[in-house]
Amino acid sequence: MTRSAPITAPAPADSPPGRPAESRSRRRSRRVTAHPVAGALFVLPFFLVVVAFLIVPLGYAFWLSLSSKSLATGVKFSGLDNYVRAFTDPLLLDGLLRVVLFGLVQIPIMLGIALAGALVLDAVTTKFALAFRLIAFMPYAVPAVVGALMWGFLYSRTFGPFADLPTLVGGEPIDFFSVSLLLLSLGNIVTWAWTGYNMIILYSALQGVPREMYEAAVIDGATPVQIALRVKVPAIKQAISLAAIFTVIGTMQFFTEPAIMARFAPQISAGYTPNLYAYNQAFAYSDFHYSAAVSFALGFLVFVVAYLFVFVNRRRGARA
Amino acid sequence: MKVKTRLPHLLMGVGILYFLVPLLWVVIAATKSQPDLLDSPALWFAEFNLFENIGQLFREDGGVYGKWLLNTALYSGLSALGATALAAAAGYGLARFQFLGKRLFETALLGMIMVPATALVLPTYLILAEVELVDTMWAVILPSLLSPFGAYLVRVYVDESVPVELIDAARIDRAGELRIFWQIVVPMMRPAIVTVFLFTLVATWNNYFLPLVMLSDAELYPLTVGLTTWFNTAQQEAGTRMLFNLVVTGSLLAIVPLVVAFVLLQRFWRSGASAGALK
Amino acid sequence: MPGTTWLAKLRAGLAACGLLAVAACGGATSDDGGPVKVSVWAWYPEFKGVVEAFNASHKDIQVEWTNVGTGPDQYAKLKTAFTAGKGAPDVAMVEFQQIPTFIILDALVDMGPHGANEDKDLYAEWAWSQATDGEKVYAIPVDGGPMALMYRKDLFDQHAIPVPTTWAEYADAAAKIKAADPEGHIASFGSDGGWINGLMWQSGCRPYGYSQATAKDQVKINLTAPECKRVFDLYGDLVEKGLMAKDPFFTADATAALDSGKYWTWAAAGWTPGYVAGSLKNTAGKWAVAPMPQWTAGADEQGDWGGSTFTVTKQAKNPAAATTVARELFGKSKAAWDIGLNKAFLYPLVKDVAADPAFTGKAYEFFNGQKVNEIFVPVSEKLGEFQYTPFQDFVFGELNDRSAEAMSGSRSWDSVLEETQKNVVAYAEQQGFKVSK
């Protein structure tokens, strides 16, 4: 899997220590050219955008987070106080816990379905499979806002077909917005929207697996399921873990769906997810400083989790 | 063989139902008047009111829905063009040149992909307010130009598909660097460029948080913000304004162009994925 | 300020209106010679006609109106604009409970020096006192929400259940309703901060005290007083017995439930007739309005739920002209109130408008011809002083979230107000206030 190298090996540390430096630089010189000015100029416009809309805002957010604003006494420098507050704020920690729980359940389910779908698509090439592939991808085209509104209507007793289903057999109607079901209802929206997308990613990866890799297994009489689990899945491990990272990042930033769903279900509290909490701190309680600290802490956490994920994967990959 | 594929087909059938039913609901609901929307069976047609709904949709609030549609197309089109151009140049520069700070920048690129976009919106607002760009189209477009993922994808693609020998040969022929990029490299990395374009287009088309914070003039809203505003009004003022049917019809018209484009262009997503970035 | 120069240059380069032709350019400035333009943010229904009436009757001031969203959406935009130091309108619609919040954010202009104190006797006393802080006039009242009990007269009559005049009778009626119709509930506990606040107000509970003019950093929080607690005791008991539903208000589902006989009453407000008349089609004509049940038989305690004002923001370019707009958009304008009462269904806080026989004598088809304003108007007159905190969003959020926990069973109803009190006090102290009970 040499192609995956750029993702896991951005640093030169990959080469074994004993290797002569000379051979390494020769290898590199075949790939890149030393035209420092031209190269830098190609990257410059992008770099400027990075500075203006990533580095400067991040720096500004960090600077904001180092002072506190209290309604009664105004703004003053407070060092890391906001971070201490953030990591001891029960509302924020509640939200964080909720998102972690949500992720632990929703991500494996979604990626499991996506992987199963991709394996089926890889093995079955009927017209029906093509239709499935196209339809499963459609929800990705629906903006998250519209998707959440749509599901809000679908969950509602007045508009939707599902809530009253149990009454047909004499049961109680389902309240999808009740506190006990809310997280599941949200999980379903996310699963609906993103499963097809992940399926396509994994399917493409499967298509790239050379057929020779499992021809032997076919001759040995292995069943399609055995081939799928023993050959194909290990072969696209890298793609699976990348899909997982991006999903984890997305889940940690969970915002749009609960923000929209709160219009249907007012029991979605101000700190339902960390990102929602940061939003409310800024836009409802006017505390931009604390909001920045929450955002920053969250971003840092996402970064650490994602990097750990990459790191662990690389270690495992290296051992395998 | 037939017997063996029965189970997969059954599962795919369930999947099709799951992914399709909500979309079908929007289609059906958009054909209903507001009273029917509340009263008639959810997954079957009532009196056909689609054209009245569409008419009302484009008349409500002085025809602002049409503006939202145009705004959305404009913002996502411009953002995607700009972001793709920047990412293509940067990805090529990183893949085929050596310069000071390159390694550091490449490592940082991975980190950038992981920065939560929502964490940036607030400080970006305060900065753009300083330069008086808030509540203009640029407040949505400029931050959307940032696509570290796009640059990364192009870099990987160029690494694999644009031979150094070709570039060296062009240099020997005394071709300028810009000309090499434009006439040789860009045509070779077209699949990656299309993929980046589509990714950034969708990202801006779907964006809610950024325009929500940046814009307060309803004439400048994109669809996502506009429809949400209508939905809130419909909830708060149930007695005086009937808007649920417009929210539903507006949602349908908002997703139709994207769904069609997606189905037609799906191979580019796959080519982007198999370009190596996600493999 | 360091860095101002390059910013100024950048600004000059970017902000030229020609460059940003697509964007809203200009705004609320007075063009030389022409009329003064005043920008207004408001989300009243049918407000276009009110603006047109104002513009037609004023030659020197013209209103430019934008609807940037309802309630919280608009406040979010206002707060961002104040943080950024630009982008706010000249005049903004603000609900009563938000006034102290915007005062402490230093967002509102004192309209006193621009002659607003002349309007004192025009408005209901409770409203004027919430809009002002001593001689400082921060807001001009427009509409309110004096509370009364809406009930299904047909069902109460049919089952011979007496209309409750006390909360004890209300609880009895709840049990009888359940007996008469297992699907029926006396009402729903909406976990809406403003509604709960109205119920507590009506119970004689005065949980908050704040005056910026007296002491900027002192605030009174007393949510655990007996008058406050008894509201939660009663409603919690009804919910736990299954006599009261748990659906939130203002969703399509809640509207449908009101319209299907699931709820037999709704402790509603002066703006409700308009709200329900448009959305409840099946049960129109079957509803009636009675005064709120009392905690002590024969008492006359009242409460308010909702209501809004016009404020002039600190970013107004011409505060005097903006004050005129805030005072006269509705104020004494016959044309504006004609729209306000008959199309937007506002409850007027202008005393003369509320006392006008055209208002009090108006028979509502939805209430089977009942002249419901005869009930609402005396309520508004009876309302006394009630103050809010300068962080009411947080308080309402807490009330809402803790009640939701109680309804889901993860918290005892007993502890809702205690927990809210605890969290609100902690928040207030964290925000630098000295808190008293």
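State whether one or more residues within the range A:196-214 are closer than 30 Å to A:Ser269 by Cβ and either touching a residue at least 24 places away in the same chain (Cβ under 8 Å) or surrounded by fewer than 23 Cβ atoms within 10 Å (Cβ to Cβ) (or both). Yes, because at least one residue in the range A:196-214 is closer than 30 Å to A:Ser269 by Cβ and either touching a residue at least 24 places away in the same chain (Cβ under 8 Å) or surrounded by fewer than 23 Cβ atoms within 10 Å (Cβ to Cβ) (or both).
So is C:Ala354 surrounded by 20 or more Cβ atoms within 10 Å (Cβ to Cβ) and under 23 Å from C:Phe386 (Cα atoms) or not?
The answer is yes for C:Ala354.
Per this entry, C:Ala81 is counted among residues that are in a helix (DSSP H, G or I) and within 11 Å of chain B (Cβ to nearest Cβ). Of all residues in the range A:179-223, exactly one satisfies the criterion of being of a type in the set (Ser, Thr, Tyr), in contact with a Ser or Thr (Cβ under 7 Å, 6 or more places away or on another chain) and farther than 25 Å from A:Ala244 by Cα, namely A:Ser180. In the range C:96-112 there is no residue matching the filter, namely being out of contact with any Lys or Arg (no Cβ under 9 Å at 6 or more places or on another chain), surrounded by fewer than 21 Cβ atoms within 10 Å (Cβ to Cβ) and either away from chain B (no Cβ under 11 Å) or part of a helix (DSSP H, G or I) (or both). In the set (1) of a type in the set (Asp, Glu); (2) over 30 Å from A:Gln253 (Cβ atoms); (3) in a helix (DSSP H, G or I), the condition left unmet by B:Glu47 is number (3).
Within the range B:64-87, restricting attention to residues that are of a type in the set (Gly, Ala, Ser) and more than 9 Å from every other protein chain (Cβ to nearest Cβ), the residue that is surrounded by the fewest Cβ atoms within 10 Å (Cβ to Cβ) is B:Gly66. Within the range A:110-136, being surrounded by fewer than 15 Cβ atoms within 10 Å (Cβ to Cβ) and either among the aromatic types (Phe, Trp, Tyr) or under 24 Å from A:Ser241 (Cα atoms) (or both) holds for one residue alone: A:Gly112. Name the residues in the range B:192-209 that are among the hydrophobic types (A, V, I, L, M, F, W, C), surrounded by fewer than 24 Cβ atoms within 10 Å (Cβ to Cβ) and over 8 Å from the mean Cα position of the chain (by Cα), would you? Within the range B:192-209, B:Ile193, B:Val194, B:Phe197, B:Phe209 qualify. For the range B:30-44, a tally of residues being in a loop (DSSP other than H, G, I, E, B), among the aliphatic types (A, V, I, L, M) and either over 13 Å from A:Leu154 (Cβ atoms) or touching a residue at least 60 places away in the same chain (Cβ under 8 Å) (or both) returns 1. Determine, yes or no, whether A:Ala136 is modelled with pLDDT of 90 or more, more than 23 Å from the chain's Cα centre (by Cα) and either of a type in the set (Phe, Trp, Tyr) or within 30 Å of A:Ile227 (Cα to Cα) (or both). Criteria not met by A:Ala136.
Within the range B:97-122, residues that are more than 7 Å from every other protein chain (Cβ to nearest Cβ) have Cβ atoms under 6 Å from residues that are crowded, with 20+ Cβ neighbours inside 10 Å and not small (Gly, Ala, Ser) in these pairs: B:Leu109/B:Pro148; B:Leu109/B:Tyr152; B:Ile113/B:Pro148; B:Ile113/B:Phe149; B:Val121/B:Phe209; B:Val121/B:Leu210; B:Val121/B:Val213, counting only partners at least 6 apart in sequence or on another chain. Restricting B:Trp25, B:Trp44 to those that are surrounded by fewer than 20 Cβ atoms within 10 Å (Cβ to Cβ) and of a type outside the set (A, V, I, L, M) reduces the list to B:Trp44. A single entry from A:Leu154, A:Leu229, A:Leu186 fulfils the requirement of being more than 9 Å from every other protein chain (Cβ to nearest Cβ), in contact with a helix residue (DSSP H, G or I) (Cβ under 9 Å, 6 or more places away or on another chain) and surrounded by 22 or more Cβ atoms within 10 Å (Cβ to Cβ): A:Leu186.
Yes or no: C:Asp393 farther than 15 Å from C:Leu149 by Cβ and away from every other protein chain (no Cβ under 14 Å)? Taking the combined requirement at face value, the residue does not satisfy it. The range C:302-383 holds helices (runs of 4 or more DSSP H) entirely within its bounds, and those carrying 1 or more residues that are aromatic (Phe, Trp, Tyr) map to C:334-342, C:357-360, C:373-382. Apart from one condition, C:Ser191 fits all of (1) crowded, with 17+ Cβ neighbours inside 10 Å; (2) at pLDDT below 95; (3) out of contact with any Ser or Thr (no Cβ under 6 Å at 6 or more places or on another chain); the exception is (3). Within the range B:131-143, is even one residue in contact with a helix residue (DSSP H, G or I) (Cβ under 6 Å, 6 or more places away or on another chain) and more than 14 Å from chain C (Cβ to nearest Cβ)? Among the residues of the range B:131-143, at least one is in contact with a helix residue (DSSP H, G or I) (Cβ under 6 Å, 6 or more places away or on another chain) and more than 14 Å from chain C (Cβ to nearest Cβ), which makes the answer yes. For C:Asn368, the conditions (1) under 21 Å from C:Ala268 (Cα atoms); (2) surrounded by fewer than 15 Cβ atoms within 10 Å (Cβ to Cβ); (3) without any contact (Cβ under 8 Å) to a residue 12 or more places away in the chain are fulfilled apart from (3).
Go over the candidates B:Val213, B:Val263, B:Val202, B:Val248 one by one and state the one that is in a helix (DSSP H, G or I), at pLDDT 85 or above and away from chain C (no Cβ under 14 Å).
Selected residue: B:Val202, the only one of B:Val213, B:Val263, B:Val202, B:Val248 that is in a helix (DSSP H, G or I), at pLDDT 85 or above and away from chain C (no Cβ under 14 Å).
Among helices (runs of 4 or more DSSP H) entirely within the range B:87-172, having at least 2 residues that are at pLDDT below 90 and over 20 Å from B:Pro191 (Cβ atoms) singles out B:102-114, B:117-130, B:164-172. Can you name every residue in the range C:399-437 that is under 22 Å from C:Gln212 (Cβ atoms) and not small (Gly, Ala, Ser)? Result: C:Val424, C:Val425, C:Tyr427, C:Glu429, C:Gln430, C:Gln431, C:Phe433, C:Lys434, C:Val435, C:Lys437. Go through the range B:1-29 and give me each residue that's in contact with a helix residue (DSSP H, G or I) (Cβ under 7 Å, 6 or more places away or on another chain), within 21 Å of A:Asn198 (Cβ to Cβ) and touching a residue at least 12 places away in the same chain (Cβ under 8 Å). The answer is B:Leu23, and nothing else.
So is A:Val124 under 30 Å from C:Ala252 (Cα atoms), within 7 Å of another protein chain (Cβ to nearest Cβ) and modelled with pLDDT under 90 or not? Spell out the reasoning first.
Values: under 30 Å from C:Ala252 (Cα atoms): no; within 7 Å of another protein chain (Cβ to nearest Cβ): yes; modelled with pLDDT under 90: yes.
Here the answer is no, as A:Val124 does not meet what is asked.
Of the residues making up the range C:26-42, those that are in a loop (DSSP other than H, G, I, E, B) and either at positive phi or at pLDDT below 90 (or both) are C:Gly26, C:Gly27, C:Ala28, C:Thr29, C:Asp31, C:Asp32, C:Gly33, C:Gly34.
Within the range A:262-280, the set of residues being buried (at least 24 other Cβ atoms within 10 Å of the Cβ), in a helix (DSSP H, G or I) and within 14 Å of chain C (Cβ to nearest Cβ) comprises A:Tyr277, A:Ala278, A:Tyr279, A:Asn280. Note on the range B:1-29: among residues that are within 11 Å of another protein chain (Cβ to nearest Cβ) and not in a helix (DSSP H, G or I), the one that is nearest to C:Asp253 (Cα to Cα) is B:Thr5.
The values are calculated or read from the model by the stated rules, or taken from the named source; none is laboratory data. Here the structure is a predicted model, which means the values were calculated and not measured. Virtual Cβ from ideal backbone geometry, glycine too; neighbours counted across all protein chains shown.
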